[in-house]
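Peer 1: Pasting a structure here, questions to come.
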Amino acid sequence: MNAIEVRGLIKRFDGFTAVDGISFDVKEGEVFGLLGPNGSGKTTTIRMLVGLSRPTEGGAKILGFDLSSGITEAKRKIGVVPDSSNLYDELSARENLLFMAKLYGVPKDLREERAEELLKAFGLYQRRYDRFGTFSRGMKRALTIAAALVHDPKVLFLDEPTVGLDVVAARSLRNLISDLHRKGLTIILTTHYLEEADHLCDRIAILVKGEVVAVDTPQGLKRYADERSVIEVSFGREVAGLVRDLSARLPGAEVVFLDEARVTVRGGDPSRVLEGIFEFSKDHDLGLSAINSIRPSLEDAFVRITGLSPTVMAREKGGKGR
């Protein structure tokens, strides 16, 4: 069963089309990623789905509620974690959760219990009386997610959950998202981190310039890049001066020099490539340290599908809304 159904969604700003007729479904209990570079329409899509921005055209349903007429009912069942925290620096962690519980309409006799449960689950119980403004970026992000869960939603929207975090905090937050997934929560997240999408998502929609160019599982997307075999070869000694000869022996393949004794061979017939490598090594008395077949990564698939360099995904997130 689908938790979200999106059909022909369009959003224009003063003549600029930020989202251009996208359609996709999100199944109950899955982590669905919106992957794309800055300006691809990820955040704009989220803002429309949670009722913060009205679509120019098209529509969507969330938990059976139509976006145009039932967004008030849908909001009671969704949690939203924006790219910037919506909590208050001057309030403690506990006070922030109690305040958000009140806003979400959690019964008064349940607010204290719910806040305490979340503080313990997110590892923040010992800091419950500390002001939010004193927290690290990772702790702030964790409490912001906790606040979005205070009313026990069925669907959670996460906009760039780990942007700006250090490696340790980002890893901790990804583990937290994985735990929520295992508990059956439906999660929709935007990210421009390829590795993060590969690790967390059941399925991914790749957006480029406001359009969905592919929707599949991470493994399914990788098959787009599976047409060319990739073989990494480590020789027993330096081959820097012999790469041209190796290339001549491997028609249809691309040889990339990695360092003094390693090369990557892309494409060509795998059996002929291996035969050529063995002959090359024997003729030059090089010896072989290792030969590895490299499976395509999500980065390879992204490049293949979009034609964009993966460096566009590595930049820090820029402005909001687009």
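The values are calculated or read from the model by the stated rules, or taken from the named source; none is laboratory data. The model shown is predicted, which means the values in this text are computed figures rather than measured ones. Cβ sites come from the backbone with ideal geometry, for glycine too, and all protein chains shown count toward neighbours. Ligands, DNA and RNA are stripped out before the accessible areas are found, and what is left, the full protein with its side chains, is counted by its heavy atoms. Shrake-Rupley method; radii C 1.70, N 1.55, O 1.52, S 1.80 Å.
Peer 1: Quick check: net charge around residue 154, other residues with Cβ under 14 Å of its Cβ, Lys/Arg +1 and Asp/Glu -1?
Peer 2: On the way: positive: 27, 61, 75, 76, 77, 183; negative: 28, 30, 73, 152.
That sum, taken over residues with Cβ under 14 Å, equals +2.
Peer 1: Next question. Over the Cα atoms of the range 95-216, Rg to Rh with Kirkwood Rh, two decimal places?
Peer 2: 1.00
Peer 1: Given springs between every Cα pair under 10 Å in a Gaussian network model of the chain, which of 195, 211, 260 has the largest fluctuation?
Peer 2: 260
Peer 1: Hey, which of these cross-link pairs are over 28 Å Cα-Cα: 120/222; 77/120; 61/108; 11/154?
Peer 2: 120/222; 61/108
Peer 1: If you fit an axis through the alpha-carbon atoms of helix 167-182 and take the longest principal axis of the Cα set of the chain, what angle between them do you get, 0 to 90°, nearest 10?
Peer 2: 70 degrees
Peer 1: Once you keep just the Cα pairs under 8 angstrom separated by 6 or more residues, what percentage relative contact order results for the range 130-262?
Peer 2: 15 percent.
Peer 1: For the chain, what does the relative contact order come out to in percent, with C-alpha contacts under 8 Å and a separation of six or more?
Peer 2: Numbers: 604 pairs, mean separation 68.1, N = 322.
21 percent.
Peer 1: Provide, in order from the shortest bin, the percent of all Cα-Cα pairs of the range 1-79 in each 10 Å bin, continuing until the bin that contains the maximum pair distance.
Peer 2: Distribution as computed: 19, 55, 25, 2 percent.
Peer 1: Determine the order of 234, 68, 40 by accessible area, beginning with the largest, at a probe radius of 1.4 Å. Could the numbers behind the result be given before it?
Peer 2: Numbers: 234 25, 68 95, 40 0 Å².
Correct descending sequence by accessible area is 68, 234, 40.
Peer 1: Classify the chain: rounded, prolate or oblate, from the alpha-carbon gyration tensor (a ≥ b ≥ c, eigenvalue square roots; a/c under 1.5 rounded; otherwise prolate if a/b is larger than b/c)?
Peer 2: Working: a/c = 2.92, a/b = 1.93, b/c = 1.51.
Note, shape of the chain comes out prolate.
Peer 1: Placing unit charges on C-beta atoms (Lys and Arg positive, Asp and Glu negative, everything else neutral), compute the dipole magnitude of the range 28-98 about its Cα centre in debye, rounded to 20.
Peer 2: Working: 8 positive and 9 negative charges, 34 e Å.
The calculation lands at about 160 debye.
Peer 1: Please go through the range 1-92 and write out the trypsin sites (Lys or Arg not before Pro) that DSSP classes as loop and that have at most 14 other C-beta atoms within 10 Å.
Peer 2: Numbers: sites: 7, 11, 12, 27, 42, 47, 61, 75, 76, 77; in loops: 76, 77.
The qualifying sites are 76.
Peer 1: Shifting gears a bit: Could you give the Stokes-Einstein D for the range 176-322 in µm² per second, using the C-alpha Kirkwood radius, 25 °C, 0.890 mPa s?
Peer 2: Working: Rh = 17.8 Å.
Taking Rh from Cα pairs, D becomes 138 µm²/s.
Peer 1: How many percent of the accessible area of the chain is carbon or sulfur, using a 1.4 Å probe?
Peer 2: Values: 7560 of 16020 Å².
Percent of accessible area from carbon and sulfur atoms in the chain: 47.
Peer 1: To continue, here is another question. Under Stokes-Einstein, with the Kirkwood radius over Cα pairs standing in for Rh, what whole-number D in µm²/s applies to the range 1-148 at 37 °C and 0.692 mPa s? Don't skip to the answer; put the middle values down first.
Peer 2: Working: Rh = 17.0 Å.
Answer, rounded: 193 µm²/s.
Peer 1: Counting each DSSP H run of 4 or more residues in the chain as -39500 (n - 2.57), what helix-only mean residue ellipticity at 222 nm follows after dividing by all residues, to the nearest 500 deg cm²/dmol? Before the final figure, lay out the partial values.
Peer 2: On the way: 12 runs with 112 residues, N = 322.
Using -39500 (n - 2.57) per qualifying helix, the result is -10000 deg cm²/dmol.
Peer 1: Separate question: At 20 °C and 1.002 mPa s, grab the translational diffusion coefficient of the range 207-287 from Stokes-Einstein with a Kirkwood Rh over Cα pairs, rounded to a whole number in µm² per second. Write out the running numbers ahead of the final one.
Peer 2: On the way: Rh = 14.3 Å.
Estimated via Stokes-Einstein, D reaches 150 µm²/s.
Peer 1: With +1 assigned to the C-beta of every Lys and Arg and -1 to the C-beta of every Asp and Glu, and no other charges, what is the dipole magnitude of the range 85-211 about the Cα centre in debye, to the nearest 20? Let's see the in-between values first.
Peer 2: Working: 19 positive and 19 negative charges, 42 e Å.
The calculated dipole for the range 85-211 is roughly 200 debye.
Peer 1: How far is helix 93-103 tilted, in degrees, relative to the longest principal axis of the Cα atoms in the chain, given as a value from 0 to 90 rounded to the nearest 10?
Peer 2: 70 degrees
Peer 1: Same structure again: For the Cα atoms of the chain, what angle does the longest principal axis make with the long axis of helix 108-121, in degrees from 0 to 90, nearest 10?
Peer 2: Between helix and principal axis, roughly 20 degrees.
Peer 1: Could you grab the relative contact order for the range 183-236? Cα pairs under 8 Å, six or more apart, rounded to a whole percent. Please list the in-between numbers first.
Peer 2: On the way: 30 pairs, mean separation 11.1, N = 54.
About 21 percent, as a whole number.
Peer 1: OK, next. Tell me the net charge near residue 133. Cut-off is 11 Å between Cβ atoms, residue 133 excluded, with +1 for each Lys or Arg and -1 for each Asp or Glu. Could the numbers behind the result be given before it?
Peer 2: Working: positive: 131, 140; negative: 89, 90, 130.
My count for the surroundings of residue 133 gives -1.
Peer 1: Provide the net charge surrounding residue 76, with neighbours chosen by a C-beta distance below 12 Å and charges set as Lys +1, Arg +1, Asp -1, Glu -1.
Peer 2: On the way: positive: 75, 77, 154; negative: 73, 152.
So the environment of residue 76 carries a net charge of +1.
Peer 1: Could you give the accessible area per residue of the chain, probe 1.4 Å, as a whole number in Å²? Don't jump to the answer; show the numbers that get you there.
Peer 2: Working: 16020 Å² over 322 residues.
That works out to 50 Å² for each residue.
Peer 1: Tell me the accessible surface of residue 52 in square angstrom (1.4 angstrom probe, heavy atoms of protein chains only), to the nearest ten.
Peer 2: About 110 Å², rounded to the nearest 10.
Peer 1: In square angstrom, rounded to the nearest 10, how much accessible surface does residue 100 have for a 1.4 Å probe?
Peer 2: Using a 1.4 Å probe on the heavy atoms, I get roughly 20 Å².
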